[in-house]
Amino acid sequence: MAKLILIVEDEVDLVRTLEYNLRDEGYETRSALDAASALDELKKPSPPDLVVLDLMLPDMSGTELCRRIRNDETTRHIPVLMLTARGEEIDRITGFEAGADDYVVKPFSVRELKLRIRAVLRRSDSASEEVLDEEVDFGALRVDIAAHGLSVDGEQVELTALEFRLFKTLFLRRGRTQSRDVLLRDVWDIKAHVMTRTVDTHVKRLRKKLGRFSHYIETVRGVGYRFVAEAPDDTP
Ligand code: CA
C-alpha cells in the first residue's frame, strides 16, 4: 500500500512541487498550509506515515507542532522530517529536542528530500517489525526484545530492566538522535526538564556492558544520543 505523506508548509509553490514529485515517486500526499490544518489532518482516521514539516509556519513554529505530535499518544510514532533554513543550527537542535527524526536544510534538492524520506520510512518500518520479531542480529549484538535478552559477541549480558528499556529505546530508533529529554520521557517517564544527568549516567553503564562495542551508541553533542544506523565494519 502506498505510504501517505503529510506536507506541512505555507509556501504554496513548494507544496505543489513536493506533491508532484512525491506522487511521482509512488507516495500519496496530503498537505496543510498551517499548523491548525495539520493538526486536523492528523486527527483523521487514516493518519500519515510521515510528516514533512516546515519550521516556519504562520500560526505556530514547526518545533512546537512537532512537540505536539510527539506528546499525543495517537501520533507519537509518526516520523517527522523537518525543513529548516540554511544555517539555523539552533533550530536543528531544537528540532531534535522536539522529536524530529531528521531534517533537510533549505534550499534542498527534491532528490535529497526523497532519499531522506525513504531512509526515515525504512527505519520506522524496520523498528516496528522488529518489536514482533524473535531475535535481531546487529553487528556483534543479538537482541531479543520480547525476552529482554542481549548478547554481545556471543556472551549474554545482564541488564537491569531500566538499562534494557534504555537500550531498546535507542536500538529501535537507531540512526535517529534521541535528546536527553525524549529519553527521560520515554525510558523514565519523566516529563520535567530535570535530571538529564541521569540519562548520561545510565548510557555510561550501558556502554560499559556493551564492552568494545560501546561505540554503537554515539553521543550527539549538545543534544543526546544515537544508536548507529548500521553496524560498523569493525564488528564480526
Ligand atoms: Ca514556511
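If the condition is being open to solvent by 50 Å² or more (accessible area, probe 1.4 Å) and of a type in the set (Val, Ile, Thr), then segment 28-81 contributes only THR74. A search for C-beta distances below 6 Å between a residue of segment 110-121 that is closer than 12 Å to ASN21 by Cβ and any residue that is surrounded by fewer than 18 Cβ atoms within 10 Å (Cβ to Cβ) and of a type outside the set (Gly, Ala, Ser), counting only pairs 6+ apart in sequence or on different chains, returns VAL110/ASN21; LEU113/VAL104; LYS114/GLU25.
Given the criteria at pLDDT 90 or above and closer than 20 Å to TYR225 by Cα, does LEU150 qualify? Before you say what the answer is, go through the steps one by one.
Details: at pLDDT 90 or above: yes; closer than 20 Å to TYR225 by Cα: yes.
Yes.
Residues in segment 199-236 that are open to solvent by 40 Å² or more (accessible area, probe 1.4 Å), at pLDDT below 85 and not charged (D, E, K, R): GLY222, PRO236. Residues that are at pLDDT below 90 and aliphatic (A, V, I, L, M) within segment 156-181 comprise LEU159, ALA161, LEU162, LEU172, listed in sequence order.
How many residues, within segment 1-26, are in contact with a helix residue (DSSP H, G or I) (Cβ under 8 Å, 6 or more places away or on another chain) and of a type outside the set (S, T, N, Q)?
Qualifying residue count for the region: 9.
Of all the residues in segment 5-27, those that are out of contact with any Phe, Trp or Tyr (no Cβ under 7 Å at 6 or more places or on another chain), surrounded by 13 or more Cβ atoms within 10 Å (Cβ to Cβ) and not in a helix (DSSP H, G or I) number 8.
The values are calculated or read from the model by the stated rules, or taken from the named source; none is laboratory data. Just so you know, these numbers come straight off a predicted model, no measurement behind them. Heads up, the Cβs are rebuilt from the backbone with ideal geometry, glycines too, and the neighbour counts pull from every protein chain shown. Ligands, DNA and RNA are excluded from the accessible area calculation, which covers all protein heavy atoms including side chains. Shrake-Rupley method; radii C 1.70, N 1.55, O 1.52, S 1.80 Å.
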